[in-house]
Amino acid sequence: RFLLKTIAQPDFKRFCEVLPQYYDHVVSSLHDTLINWHVAVLHFKPTPIKHVSAIILLNALPPRLTMSYVFDLKGSTKGRGASSEERRKECPVLKDNDLK
């Protein structure tokens, strides 16, 4: 039902900057937007020297949806291919180079 996504510190800061506009857009377009609904923005310190930023999103996909393909796309080709072990799985997570 929910997804937790860690984000880099610069992305966290930028997201916080645009949060008011994001909120206004989602509230004014409740049923007419394809933007993911972010329900929480988190920043915490699991250790004294490590900071972690994350967002919690509502999952946009129906819970009983069967996936034929899953892609983890980063927009890069360097080292972006699924391993042979991953490809043997029933529903492998494919990467950028596998999309060709």
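A few comments on the model shown:
- Some residue of segment 12-25 being open to solvent by less than 100 Å² (accessible area, probe 1.4 Å), closer than 25 Å to Leu61 by Cβ, of a type in the set (A, V, I, L, M) and part of a strand (DSSP E or B): no
- Pairs, first without any contact (Cβ under 8 Å) to a residue 12 or more places away in the chain in segment 1-25, second open to solvent by 60 Å² or more (accessible area, probe 1.4 Å), C-beta under 8 Å, six or more apart: His25/Ile35
- So Arg80, is it open to solvent by less than 100 Å² (accessible area, probe 1.4 Å), among the basic types (Lys, Arg) and on the phi < 0 side of the Ramachandran plot: yes
- Odd one out for Ser84, checked against (1) of a type in the set (Ser, Thr, Tyr); (2) in contact with a helix residue (DSSP H, G or I) (Cβ under 8 Å, 6 or more places away or on another chain); (3) modelled with pLDDT of 85 or more: (2)
- Val39 passes every criterion in (1) touching a residue at least 24 places away in the same chain (Cβ under 8 Å); (2) over 23 Å from Lys74 (Cα atoms); (3) open to solvent by less than 50 Å² (accessible area, probe 1.4 Å) apart from (3).
- Taking first residues from segment 60-86 that are touching a residue at least 12 places away in the same chain (Cβ under 8 Å) and partners that are part of a helix (DSSP H, G or I) and of a type in the set (A, V, I, L, M), the Cβ contacts under 9 Å between residues at least 6 apart in sequence or on separate chains come to Phe71/Leu99; Leu73/Leu99.
- Selection of segment 1-19 for residues being within 14 Å of Ala54 (Cβ to Cβ) and either in contact with a Leu (Cβ under 7 Å, 6 or more places away or on another chain) or among the acidic types (Asp, Glu) (or both) yields Phe2, Leu3, Lys5, Asp11.
- Single unsatisfied condition, Pro46 versus (1) assigned to a loop (DSSP other than H, G, I, E, B); (2) exposed (fewer than 10 other Cβ atoms within 10 Å of the Cβ); (3) out of contact with any strand residue (DSSP E or B) (no Cβ under 9 Å at 6 or more places or on another chain): (3)
- Segment 65-84, residues that are part of a loop (DSSP other than H, G, I, E, B) and over 30 Å from Tyr23 (Cβ atoms): Thr66, Met67, Ser68, Tyr69, Ser76, Thr77, Lys78, Gly79, Arg80, Gly81, Ala82, Ser83
The values are calculated or read from the model by the stated rules, or taken from the named source; none is laboratory data. Note that the structure is predicted; figures quoted are calculated from it, not measured. Heads up, the Cβs are rebuilt from the backbone with ideal geometry, glycines too, and the neighbour counts pull from every protein chain shown. Heads up: the accessible areas ignore ligands, DNA and RNA and are worked out on the full protein's heavy atoms, side chains in. Shrake-Rupley method; radii C 1.70, N 1.55, O 1.52, S 1.80 Å.
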